[in-house]
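Only one structure is covered here, and it is reproduced in the block below.
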Amino acid sequence: MDKIDIKNLTLDELEKEITSLGEAKFRAKQIFSWLHQKNVSSFDEMTNISKDFREKLANKFKLTEIEIIDKLVSNVDKTTKYLFKLENNYIIESVLMKYSYGNAVCISTQVGCRMGCKFCASTLDGLERNLLASEMLSQIYKIQEDSKEKIRSIVLMGSGEPFDNFENFLKFIEIINHKDGLNIGQRHITVSTCGIVPKIYELADKKMQINLALSLHAPTDEDRQKIMPIAKKYTVKEIVDACKYFANTTKRRVTYEYALISGVNDREEDAKEIIKLLKGSLCHVNLIPVNDVKERNYIKSSKEQIKNFANILINAGIETTIRRELGSDINAACGQLRKSYKY
Ligand code: SAH
């Protein structure tokens with residue numbers, strides 16, 4: 001029988017497994033803390049667990065297979081891109097970003113992606129498979145161990161669509177947020193989606209305190225459909241209504257991400273449409289100068305145009321920021337993550 005990936009279990013699930021082995025329930029909490037707080041790489045490091053029990057554990061469970069195979073450090077801003085190898089040689093990427101207020105890690109949620117956004121590198125070869133919660137967690141644990149930096153916040157904005165891997169995403173949140181794990185506060189976690197409407201409602205109804213970011217990128221259905229296939233499934237109105245529901249239910253401000261592409265979505269009318277859509281809602285617009293993806297020929301809007309676009313929104317009372325382009329010299333910026341290693 002295949003061994004179970006022990007890091008993929010919530011504390012409740014681990015307790016059931018441990019008691020079924022005839023051991024006391026409190027042992028599960030000890031093991032959980034070894035796995036998620038102390039990040040051990042073998043059962044033998046669990047020194048408050050007897051040798052016999054450690055053997056039983058090793059017979060039934062395995063530890064997530066994930067290994068750093070390369071690391072690129074930006075010369076511009078010290079952003080670090082990590083390449084990880086998973087079981088069966090799948091490759092994913094994650095990024096460590098250092099901000100004045102603390103360190104953030106951007107993790108991947110899938111190997112590849114099937115959403116097909118025209119400006120994004122992660123989706124070029126389609127979806128390979130979903131990541132397990134343990135594989136999402138391990139990206140953070142490994143980066144923390146390697147960099148010796150404390151991680152303050154997490155963004156789910158690497159490759160993949162988190163809401164296309166919803167159950168594993170929820171499990172990830174439960175474990176990363178657990179007081180016997182890394183205990184990263186929900187308010188320090190941001191999930192970004194291209195707009196899978198039913199999942200936005202489902203998440204809102206869980207009334208968690210995590211932040212939602214919506215990849216808008218065009219304010220009308222016609223234009224959005226040209227760059228994001230998901231726009232054929234859900235209209236802009238349906239998506240924005242869902243985001244407003246999220247904001248009203250959770251009292252958390254929703255971030256609307258908008259990658260500015262020269263001549264595609266950066267006209268004055270586009271800014272005006274955004275105002276119509278968002279005015280009066282609890283929101284924040286994050287403008288991203290579109291990053292280069294060599295297979296795509298999109299060009300970022302000029303600095304001046306970006307500023308003008310931002311000013312139209314700001315003058316209408318919409319809080320707007322321009323995202324700093326971290327790590328673009330190492331292809332670690334938004335939309336540049338890909339399976340760059342072939343296997
Ligand atoms: N699938 C999720 C999360 C991954 S992408 C989503 O769609 O939101 C994280 C952010 O980077 C998204 O807003 C995405 O649209 C944006 N992005 C993708 N390619 C980009 C590019 N070339 N330049 C700038 N942003 C990009």
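The values are calculated or read from the model by the stated rules, or taken from the named source; none is laboratory data. Predicted model only: the values in this text are computed from it and were never measured. With ideal geometry, Cβ positions are generated from the backbone for all residues, glycine too; neighbour counts draw on all protein chains shown.
Details
- The combined condition, being within 16 Å of the ligand (Cβ to nearest atom) and either under 28 Å from ALA28 (Cα atoms) or in contact with a helix residue (DSSP H, G or I) (Cβ under 6 Å, 6 or more places away or on another chain) (or both), is not fulfilled by ILE184.
- Qualifying position, being surrounded by 13 or more Cβ atoms within 10 Å (Cβ to Cβ), among the aliphatic types (A, V, I, L, M) and under 17 Å from PHE172 (Cα atoms), among LEU35, LEU57: LEU35
- Whichever residue in region 286-299 is more than 8 Å from the ligand (Cβ to nearest atom) and either under 17 Å from ILE330 (Cα atoms) or without any contact (Cβ under 8 Å) to a residue 60 or more places away in the chain (or both) and, among such residues, is surrounded by the most Cβ atoms within 10 Å (Cβ to Cβ): LEU287
- Restricting LYS303, LYS279 to residues that are assigned by TED's automatic domain parsing to the domain that holds ALA213, under 28 Å from LEU124 (Cα atoms) and loosely packed, with under 15 Cβ neighbours inside 10 Å narrows the list to LYS303.
- Any chance PRO229 is away from the ligand (no atom under 11 Å from the Cβ) and in contact with an Asp or Glu (Cβ under 8 Å, 6 or more places away or on another chain): no
- Taken over region 107-126, the criterion of being more than 8 Å from the ligand (Cβ to nearest atom), in contact with a strand residue (DSSP E or B) (Cβ under 8 Å, 6 or more places away or on another chain) and either of a type in the set (Gly, Ala, Ser) or closer than 30 Å to LEU11 by Cβ (or both) is satisfied by ILE107, SER108, GLN110, VAL111, GLY112, GLY126.
- Residue count for region 10-32 under the criterion of being without any contact (Cβ under 8 Å) to a residue 12 or more places away in the chain and within 25 Å of PHE169 (Cβ to Cβ): the result is 3.
- Count of region 143-162 residues which are under 16 Å from CYS113 (Cβ atoms) and surrounded by fewer than 23 Cβ atoms within 10 Å (Cβ to Cβ): 1
- Put simply, of VAL73, VAL95 the only residue that is away from the ligand (no atom under 16 Å from the Cβ) and of a type in the set (A, V, I, L, M, F, W, C) is VAL73.
- Single residue of region 38-54 satisfying the filter (under 14 Å from LYS7 (Cβ atoms) and hydrophobic (A, V, I, L, M, F, W, C)) that is surrounded by the fewest Cβ atoms within 10 Å (Cβ to Cβ): VAL40
- Residue among ILE200, ILE196, ILE173 that alone is within 16 Å of the ligand (Cβ to nearest atom), free of Cβ contacts under 8 Å to residues at least 40 places away in the same chain and in contact with a Phe, Trp or Tyr (Cβ under 6 Å, 6 or more places away or on another chain): ILE196
- The number of residues in region 248-269 that are under 23 Å from the mean Cα position of the chain (by Cα) and part of a loop (DSSP other than H, G, I, E, B) comes to 3.
- The residues of region 1-32 that are among the aliphatic types (A, V, I, L, M) and crowded, with 18+ Cβ neighbours inside 10 Å, listed by number, are ILE6, LEU9, LEU11, LEU14, ILE18, ALA28, ILE31.
- Residue match in region 196-204 (condition: modelled with pLDDT of 95 or more, outside the structural domain of LYS29 (by TED's automatic domain parsing) and not in a helix (DSSP H, G or I)): yes
- Going through (1) surrounded by fewer than 19 Cβ atoms within 10 Å (Cβ to Cβ); (2) part of a strand (DSSP E or B); (3) not hydroxyl-bearing (Ser, Thr, Tyr) one by one, LEU96 falls short only on (1).
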